[in-house]
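Okay, structure first, notes after.
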Amino acid sequence: MAGADAPALKRALGRWDLTAIGVNQVIGSAIFLLPADVARLVGPWGPFAFMAVGLLSLSIALCFAEVGSRFEKTGGPYLPARAAFGRFVGFEVGWMMWFTRVTSQASVANGLALALAFYWPALAIGLPRMSLIAGLTIAVTWINVRGIKQSSWVVNALTIGKLVPLAIVILAGIWFIEPARFAEMPAVTQQQLSSALILLIFAYGGYEVTGVLAGEAANPRRDVPFAFVATLITVSIVMSLTSLVVTGVLPDLGASRTPLADTAAIFLGAGGALMVAIGSATSMTGNNMGQILNGSRTLFALAENGDLPKWFAKVHPTYQTPSNAILFTAVIALTLALTGSFVALAAVSAIARLVMYLAVCAATLVLRKHDREIAAQVGAHFPVRHSVSEGGSDVDGAVAPAKFTVPLGPVIPIVASIVALGILAGASQAQLTAGAGALAAGAVLFFIATRPKM
C-alpha cells in the first residue's frame with residue numbers, strides 16, 4: 001500500500017463532468033453513419049428501433065449505476081466484478097475493458113485520418129497519416145498527464161462540439177420531415193429486426209466508462225449513478241431524434257454513405273454538410289481523448305488493487321494523474337494505430353462488452369444478497385461496510401451498501417442480462433474466437449502478475 005504522504009488522484013470531477021465523459025464515449029462517429037445501416041434493415045422503423053434500444057440499454061446502465069453507488073475508487077466495472085466474484089473475474093473484466101479502450105483509441109485515430117483525407121487526400125497514407133495519428137496521440141496524452149481538470153475541460157468542450165451540429169440538424173431538420181415517409185410502415189422480418197437491435201446495442205455502448213473515474217470524482221457514490229442515467233437519457237434522445245430527422249428527410253436513406261451530411265445539405269446547403277463533417281471530426285477527437293482517459297484509469301485500478309505491478313499505479317507528484325498508466329496506454333495505442341494491428345484486434349470488443357455487462361448485472365444481484373445477509377446479522381445497525389468474496393473495492397476488501405437501488409427487485413438486472421446476451425447472439429465466429437483468445441491472454445497475465453514472489 002502507498003504511504004500516507006504519497007501523491008493521490010485529485011477529486012475534481014462533478015456529476016456533469018462524468019456525464020460529459022459518458023456521452024462523449026457513446027456518441028462517436030457511428031451516429032453520423034448508423035441511420036443508413038439501420039434503414040437498410042428496418043426502413044422507416046429506424047427511429048423507433050433507436051428509442052427501443054435506448055430503453056433496453058438503460059436497464060444495463062441502471063445496474064452500473066447501482067453498483068457504482070457502492071464505490072469511491074477508480075475502476076468502473078472492474079470493482080463490482082472483483083467484489084462479487086473475486087480477483088480473477090475482476091481482473092478479466094478490467095483487462096477486457098482496457099484492451100477495448102486501447103484498440104478503440106487506435107481505431108478512432110485511423111478513422112479521423114481517413115475522414116480528414118476526404119478533404120486532404122495526402123493524409124490517407126504514408127508519413128502525413130502517421131504524423132497526424134502521432135500528433136493526435138501525443139496531444140491527448142499530454143493533456144491527460146497534465147491534470148484531470150484540464151482533461152475534463154477538453155472532454156466537455158469536445159462533447160459540446162459534437163452535440164451542437166447534431167442539435168442544429170435536429171432543430172432545423174424537424175421542419176423538413178415528410179410525414180409520408182412514415183405513412184406506410186413496411187413489414188419487418190424477425191431476422192431484420194434482430195439484426196438492427198443487435199447493431200444498435202453496439203452503437204449505444206461506451207457508457208460503461210462513466211464510473212471508471214470515480215476515484216477522481218468529488219462525490220462519486222452520489223454522482224456516478226446520476227451520470228449513468230443522465231448519459232443514457234441524453235444519448236437516447238439525441239440518437240433517436242437524429243434518426244427521426246434523417247429518416248424523414250433523406251430520400252433513399254439506405255443508399256447513402258454519409259446520411260447525416262447528405263440530410264444537412266438538403267436544408268442547410270453545402271455549409272450544413274461541412275458543419276456535419278467538422279462535427280464528425282470533433283466527435284472522433286473527443287472519443288480518442290476519452291479512450292486514453294478511461295483506459296489509463298482502468299490500468300491504474302488494476303495496479304492499485306494489486307492485480308498488476310505497482311508501477312502502473314504511480315501518481316504524478318505535481319499533476320496528480322496516473323502518469324505511468326497514461327503513458328503506457330498511449331504507447332500501446334499508438335503502436336497499434338501505426339502498424340494497423342488494431343484491425344485484427346477489433347473483433348474482441350463484442351465479447352469484451354458482453355463480459356463487462358454480464359459481470360455488472362450479476363454483481364448487482366450478488367451484492368444485494370450480501371447486503372441482506374449482513375442486514376440479517378446486524379439488524380438495526382445496518383448499513384455498515386462489509387466484506388464480500390476475495391478482495392473488494394478497497395484494499396481491505398470492504399464494500400459499502402448501495403446509495404442508489406434499481407426499482408422492481410431483480411426484474412431490471414435480469415432484463416439487462418438478457419439484453420447483454422443479445423451481443424452473444426449477434427457475435428460472429430471471428431468475434432467469439434478473438435474474445436476467447438483475449439480472455440485466455442488475460443488469464444495468463446493474471447497468473448503472472450499475481451504469482452507468489454520468491
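The values are calculated or read from the model by the stated rules, or taken from the named source; none is laboratory data. No experiment lies behind these values; they were computed from the predicted model shown. Cβ placement follows ideal geometry from the backbone for every residue including glycine, while neighbour counts extend to all protein chains displayed. Remember, those area values only see protein heavy atoms, side chains included, never the ligands or the DNA or RNA. Shrake-Rupley method; radii C 1.70, N 1.55, O 1.52, S 1.80 Å.
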* **Residues located in the range 413-444, provided they are closer than 22 Å to GLU304 by Cα and surrounded by fewer than 16 Cβ atoms within 10 Å (Cβ to Cβ)** => ALA441, ALA443, VAL444
* Only listed residue being surrounded by fewer than 18 Cβ atoms within 10 Å (Cβ to Cβ) and touching a strand residue (DSSP E or B) at 6+ places or on another chain (Cβ under 7 Å), chosen from ALA218, ALA180 -> ALA218
* Asked: Looking at the range 273-294, which of the residues that are surrounded by fewer than 22 Cβ atoms within 10 Å (Cβ to Cβ) and in contact (Cβ under 8 Å) with a residue 60 or more places away in the chain is nearest to the chain's Cα centre (by Cα)?
  -> THR285
* Structure fact -> Taking first residues from the range 353-373 that are in contact (Cβ under 8 Å) with a residue 60 or more places away in the chain and second residues anywhere that are surrounded by 20 or more Cβ atoms within 10 Å (Cβ to Cβ) and among the acidic types (Asp, Glu), the pairs with Cβ under 6 Å that are 6 or more apart or on different chains are MET356/GLU208; THR364/GLU66
* Tell me which residues, restricted to the range 137-169, are open to solvent by less than 40 Å² (accessible area, probe 1.4 Å) and more than 24 Å from the chain's Cα centre (by Cα). => VAL169
* Residues in the range 330-343: is at least one under 16 Å from ALA81 (Cβ atoms), open to solvent by 50 Å² or more (accessible area, probe 1.4 Å) and modelled with pLDDT under 90? -> no
* To do: Out of ALA203, ALA187, report the one residue that is crowded, with 16+ Cβ neighbours inside 10 Å and modelled with pLDDT under 90.
  => ALA203
* Selection from the range 72-98 of residues that are surrounded by fewer than 24 Cβ atoms within 10 Å (Cβ to Cβ) and not in a helix (DSSP H, G or I) -> GLU72, LYS73, GLY86
* Matching residues, the range 125-166, being of a type in the set (Gly, Ala, Ser) and either touching a residue at least 12 places away in the same chain (Cβ under 8 Å) or outside any helix (DSSP H, G or I) (or both) -> ALA134, GLY147, SER151, SER152, GLY161
* **Selection from the range 99-116 of residues that are open to solvent by 20 Å² or more (accessible area, probe 1.4 Å), hydrophobic (A, V, I, L, M, F, W, C) and within 14 Å of the chain's Cα centre (by Cα)** => PHE99, VAL108
* Structure fact -> Of (1) without any contact (Cβ under 8 Å) to a residue 60 or more places away in the chain; (2) under 17 Å from GLN291 (Cα atoms), THR339 fails just (2)
* To do: Could you grab me the full set of residues in the range 15-38 that are in contact with a Leu (Cβ under 8 Å, 6 or more places away or on another chain) and not in a helix (DSSP H, G or I)?
  => ILE27, LEU33
* Regarding ILE174, is this residue more than 22 Å from the chain's Cα centre (by Cα), in contact (Cβ under 8 Å) with a residue 12 or more places away in the chain and more than 19 Å from ASP37 (Cβ to Cβ)? -> yes
* Among the residues of the range 402-454, count how many are more than 26 Å from SER69 (Cα to Cα), outside any helix (DSSP H, G or I) and without any contact (Cβ under 8 Å) to a residue 60 or more places away in the chain. => 4
* Among the residues of the range 300-342, count how many are aliphatic (A, V, I, L, M) and under 17 Å from THR74 (Cα atoms). => 8
* Structure fact -> How many residues of the range 43-74 are farther than 23 Å from ILE233 by Cβ and more than 16 Å from the chain's Cα centre (by Cα)? The answer is 4
